[in-house]
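Read through the structure below, which is laid out as structure tokens, and then see the notes.
Please treat every number below as a calculation from the coordinates, not as lab data. Because the structure is a prediction, the values reported are computed rather than measured. All Cβ positions, glycine included, derive from the backbone under ideal geometry; neighbour counts span all protein chains shown.
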Amino acid sequence: MHDAIIGERLGLPSVGIMTMQFVSAAELMARVLGADGHPFVAIDHPISSASEEELSRRARQAVTDGMEILLGRGGGAAP
């Protein structure tokens, strides 16, 4: 989340991708950085035990959701 927010501040289109386990931490990081409500993509947790097929599905969805955020058409995981 930190990198996505800093990237945006530097003029680099950026989107954070978190697992559901870390949504509250991402929201807190955004608040701490003065970017409360900054949108991000949230994918299923865990990653380590997911099959290659499942990881591929999650990655495709994260790209789709991330593009929606970058194009201003999606709100992401944050309110």
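What angle do you read, to the nearest 10 degrees and between 0 and 90, between the alpha-carbon axis of helix 52-70 and the longest principal axis of the chain?
20
In the calculated pair distance distribution of the range 2-70, what percentage of Cα-Cα distances lie above 18 Å?
Numbers: 950 of 2346 pairs.
Above the 18 Å cut-off, the range 2-70 has 40 percent of its Cα pairs.
How far is it, in nm, from the label point at Gln21 to the one at Leu33 when both lie 7 Å from their Cα along the line to the Cβ?
2.1
At a threshold of 8 angstrom on Cα-Cα distance, excluding pairs fewer than six apart, so keeping six or more, what relative contact order does the chain reach in percent?
Values: 101 pairs, mean separation 24.7, N = 79.
Relative contact order of the chain: 31 percent.
Once phi is turned into ³J(HN,Hα) by the Karplus curve 6.51 cos²θ - 1.76 cosθ + 1.60 with θ = phi - 60°, what whole-Hz value does each residue of the range 8-18 show in order, with x for glycine and proline?
Residue by residue, the range 8-18 yields 4, 5, 8, x, 9, x, 9, 9, x, 10, 10 Hz.
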